[in-house]
1. Listing 245, 276, 406 from the residue with the fewest other Cβ atoms within 10 Å to the one with the most, what is the order?
2. Any idea what the relative contact order of the chain is, in percent, if you count C-alpha pairs under 8 Å spaced at least 6 apart?
3. Just want to confirm a number: the relative contact order over region 441-487, from Cα pairs under 8 angstrom separated by 6+ residues, in percent.
4. Helix 242-251: angle to the longest alpha-carbon principal axis of the chain, degrees 0 to 90, nearest 10?
5. Going by alpha carbons, how many degrees (0 to 90, nearest 10) lie between the helix axis of 425-439 and the longest principal axis of the chain?
6. What nm distance separates the two modelled labels at residue 252 and residue 427, each placed 7 Å from Cα along Cα→Cβ?
7. Mind pulling the angle between the C-alpha long axis of helix 366-379 and the longest principal axis of the chain? Nearest 10 degrees, somewhere in 0 to 90.
8. If contacts are Cα pairs under 8 angstrom and at least 6 residues apart, what is the relative contact order of region 2-224 in percent?
């Protein structure tokens, strides 16, 4: 009976704070009344919605995607909203997924603080917990639960039925972010609420794709530039540059906001537009770690035309069919195959010019890749096949000879195939960069250019695809161009 009264009281509070036409949702005033958070200054205060949180609350739907600058308070707000929904309903499972274990622990500590500052009679009654560790908070009398996971956990969220789902910093998720996101989406109950949010991290990957496709998938898009955060102010010395004046005029920015922007430029340089977004386009394109000239990639992207033919459900795209009297090179990047594995890729280029003629990108096991490669090579005048022999490439080379009887294969120092090493990879990448800058019109594949845009320099100086992105088409092209350069 006591539990029922407490639940009724909580539900009454919730009802008082929601517009009757907007469904069952905790409101701004209820969050301020019940929840406590640690401020930037270190004090514990009520959760008072800042301008960004208010703007999100005014427009949010049942499925949202948020593109934002750093430290805007959205994670705190969403955690608070979902916590209220968890403790005012029966049978609710809320899941928040962070990009790292450390970030997950930080979110859970924030929610733990919210619970600690609730009225004692609630904590000793209806909201008494049976478990509150390892990112899990269970309320047995409600049959409700609040979990915080990291995207790096194996099978994160699988096997659950989730009512509230918050996916944080999706652009920085490790591993196959698309697969993780698909599994979590499948766990969302009908009528559940979901929000993806992140700062940008290059124009590729799961979050970038979700943002671009939001209108088609029904996600409500929210963009929050850095100047909406009231704390982002600093003194400004001197007068505005033409660029600063134009920005201030367009967005009604104050001199102190321009002063803060100058500080950002000094501290972050090429990454300022990425870490502190100003518009929903350039923030994705700005990546100080990209190995290739981003402007050249963007220029070529704008001029691309579609292939003249496609096969294999779009996996094989053809821009230039084989021409009599021309020689061709096929660069091949192999993979293990399987539904969740990497993609295999084939690039067909003209030997004399380096012009891209065809591209295949598909999940193929070595035997099937050898079969498709041999067929495509024969179609292109028995072209020279250059298989990167690292990893699964050795199996592809074996199948090419034994199963397909194809003998026109590139050999490096008397050994069939191309071996990519730490010694020759920088030259391969640089060659492709020069091609993009000086002869970008030779490249016609949107997939290839997207991979170039997300190919980055790592902290240790090595180069690789950014988390969640691929480089299969890129490496196949780098191999083809390297073999062409050898004559």
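We did not get these values from a lab; they are worked out from the coordinates using the rules stated. The model shown is predicted, which means the values in this text are computed figures rather than measured ones. Methodologically, a virtual Cβ is constructed for each residue, glycine included, from the backbone with ideal geometry; neighbour enumeration extends over all protein chains shown.
1. Result, fewest neighbours first: 245, 406, 276.
2. Worked out over the chain, it gives 13 percent.
3. 30 percent
4. Here the helix axis deviates by roughly 50 degrees.
5. That works out to roughly 90 degrees.
6. For residue 252 paired with residue 427, the spin-label model returns 5.9 nm.
7. Computed tilt is about 50 degrees.
8. Here the relative contact order equals 24 percent.
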